[in-house]
Every structure is written in structure tokens, then in C-alpha cells.
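A short worksheet on the structure shown next.
The values are calculated or read from the model by the stated rules, or taken from the named source; none is laboratory data. Here the structure is a predicted model, which means the values were calculated and not measured. Every residue, glycine among them, receives a Cβ derived from its backbone with ideal geometry; neighbour counts consider all protein chains shown. Side chains included, ligands, DNA and RNA excluded: accessible areas come from the protein's heavy atoms. Shrake-Rupley method; radii C 1.70, N 1.55, O 1.52, S 1.80 Å.
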Amino acid sequence: MTVETAAPLHVALIMDGNGRWASQRGLPRAAGHRAGVQALKRTVEGAADCGVGCLTVFGFSTENWRRPAEEVSDLMGLVRSYVVSDLKRLTKAGVRLKVLGRRQGLPADIADIIRRAEADTAHNDRFLLQVAFNYGAQADIADAARTLAEAGRPIDENALSQALSTGEGPPVDVIVRTSGERRLSNFLLWEAAYAELVFQDVLWPDYGPEPLRRAVEEFRARDRRYGGLPDTPATRVAV
Ligand code: FPP
């Protein structure tokens, strides 16, 4: 085990490639999603050792409702069983689970499972796992603006950041997309403002601690400037 000294990172993951993984093996897409859940478990388990303190994963987007009913129902079933079967383990490992996205439109039992899992893990502070489910970044930004407007509060960058469903968590350091696709697909658009983007040619069901470690290494090699200049002796301002 390596000892990480830098501050824990917030890594957001677009878990892409389940369908291709399954079709490469002549399996139904559902088998790819099931293998995707195993990859998620491995990744969460190994994340702290990679220097990660918060993971945000894209489980189901507001656009995923357009998929065939059978696939939508498979994904609903997986989130049900993932949350229920993993809750004890997550709690024991000090993981706080938070689900991002609209509850409205979710089957009532799933909304209930989510509510209970969030309440049961609310006191955990070793690791934050945020699962975006029925989530779309544009809808999240619109909802945040509406909440502020209805409360009669001024809408500025700070207030909006806090009103987003990610508002309680740490800022996103890096957004990783697997499977070789290079787009954000309506995931964390506001939060991406100063995040680094990493694209990996791994199909999600093959993911785990090792590819995560490579993504973190790639992130650490980047020079983050937040619109400023590189921190070199030539650009440092004398005080
Ligand atoms: C993208 O693969 C993946 C998804 C739409 C869903 C991700 C879901 C999981 C990993 C299952 C577990 C989820 C939770 C929330 C526990 P794709 O189907 O778009 O793959 P393709 O692009 O190869 O077709």
C-alpha cells in the first residue's frame, strides 16, 4: 500500500462502455451493467489508497430514460441491489452515500431506499460516495437557480455552487470518462469549470483501483492554474 501525502482528491467518473464490453463477449447489455457494478465496488474499495477522498459516479442520466424499457428496468434493479447489498459494507468502511439528481420520477421504492441509505450513512466522514442517478447537469443548475429564486435569494456564483446537488461536497478535481469517448454528456457541467479532464481507453467493467491510480497520476502531472499564470519564479508576484 502506498501512503499518499497530498490532499484527498474528488474524482468524478463517467462509467462508460458497459454495452460494448457485453457485446464484445456476445452477452446481453444487462451483463455489462452487472459487471459495471462489480467494477464500481472495486473502485470504491481501492479509492482511498489512490489518494481519493470523494468519488462521484454517473449511474443514470435524465437522458437514459430513452433507452429500451428493459434496460431502464435493469439499471433500476441494479441500483436497488447495489445500495441494499452494499450498505452494511459502506457503513463499516466509513463511507457516506449521497445520491445526486431528481427524486421525482424515480420508482417510489428506490426513492425510499435512497432516503434511508443517505440517513444511515450521514454520520460517516471517512469517504464520500456520490451517485448521480436520474441526474442531468442542466436540470441540476436550473433546479438550483429556481430554489434560490423562490427563496428570494440573490443568484451569484457562490450561492449557485452551493445550491447544486454537489454543493455540500468538495470541489471536483478531475472528471474521468472511460471507454475512449470524449464528452461530458450533461455531467457536472458547472463543477467542470476548473476540473481536469482525463479520458481512458478502458471499458467500465474492466475498471478498478489500477486504472484509477493511473488517472490520479495523470491528474497530478497537470499544471492547474485557475486562469492565472504558472507558478514559476518569473511569474511570482513579489510581496
Ligand atoms: C454506460 O455504459 C453506463 C451506464 C449508462 C450506466 C452505468 C451503470 C453502472 C455501472 C451500473 C451501476 C450503477 C449504479 C448506480 C449502481 P453504456 O451502456 O452506455 O455502454 P456503451 O456506450 O458501451 O453502450
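Testing Ala117 on (1) open to solvent by less than 10 Å² (accessible area, probe 1.4 Å); (2) without any contact (Cβ under 8 Å) to a residue 12 or more places away in the chain, one condition comes back false. Which one is that?
(2)
Take the stretch 176-197 and flag every residue that is assigned to a strand (DSSP E or B), surrounded by 20 or more Cβ atoms within 10 Å (Cβ to Cβ) and among the aliphatic types (A, V, I, L, M).
Val176
Which ones in the stretch 210-239 are modelled with pLDDT of 95 or more and either part of a loop (DSSP other than H, G, I, E, B) or within 16 Å of the ligand (Cβ to nearest atom) (or both)?
Matches in the stretch 210-239: Pro211, Leu212.
Out of Gly46, Gly77, Gly53, Gly26, I need the residue that is more than 7 Å from the ligand (Cβ to nearest atom), of a type outside the set (S, T, N, Q) and assigned to a loop (DSSP other than H, G, I, E, B). Which one?
Exactly one of Gly46, Gly77, Gly53, Gly26 is more than 7 Å from the ligand (Cβ to nearest atom), of a type outside the set (S, T, N, Q) and assigned to a loop (DSSP other than H, G, I, E, B), namely Gly26.
Kindly evaluate Arg89 against the criterion of being loosely packed, with under 13 Cβ neighbours inside 10 Å, within 15 Å of the ligand (Cβ to nearest atom) and modelled with pLDDT under 95.
yes
Give me the pairs: first residue in the stretch 22-45 and under 9 Å from Pro205 (Cβ atoms), second residue open to solvent by 80 Å² or more (accessible area, probe 1.4 Å), beta-carbon distance under 6 Å, and six or more apart or on different chains, which are they?
Ala22/Arg29
Can you name every residue in the stretch 198-225 that is more than 26 Å from Ser23 (Cα to Cα) and open to solvent by less than 20 Å² (accessible area, probe 1.4 Å)?
Val216, Phe219
Being closer than 30 Å to Ser73 by Cα and of a type in the set (Asp, Glu), is that true of even one residue in the stretch 195-214?
Yes, the stretch 195-214 has at least one match.
Identify, by number, the condition in (1) touching a helix residue (DSSP H, G or I) at 6+ places or on another chain (Cβ under 7 Å); (2) within 11 Å of the ligand (Cβ to nearest atom); (3) among the charged types (D, E, K, R) that Arg96 doesn't meet.
So the condition that Arg96 fails would be (2).
Working only within the stretch 92-104, note down all residues that are on the phi > 0 side of the Ramachandran plot and crowded, with 16+ Cβ neighbours inside 10 Å.
Passing the criteria: only Gly101.
Of the numbered conditions (1) more than 19 Å from Arg96 (Cα to Cα); (2) open to solvent by less than 20 Å² (accessible area, probe 1.4 Å); (3) over 17 Å from the mean Cα position of the chain (by Cα), Pro107 fails exactly one; give the number of that condition.
(2)
Only one of Val84, Val57, Val79 is open to solvent by less than 70 Å² (accessible area, probe 1.4 Å), out of contact with any Phe, Trp or Tyr (no Cβ under 7 Å at 6 or more places or on another chain) and not small (Gly, Ala, Ser); which?
Result: Val57 is the single residue among Val84, Val57, Val79 that is open to solvent by less than 70 Å² (accessible area, probe 1.4 Å), out of contact with any Phe, Trp or Tyr (no Cβ under 7 Å at 6 or more places or on another chain) and not small (Gly, Ala, Ser).
Could you grab me the full set of residues in the stretch 120-160 that are in a loop (DSSP other than H, G, I, E, B) and surrounded by 17 or more Cβ atoms within 10 Å (Cβ to Cβ)?
Step one: of the stretch 120-160, the residues in a loop (DSSP other than H, G, I, E, B) are 122-126, 136, 151-156.
Within the stretch 120-160, Asn124, Gly136 qualify.
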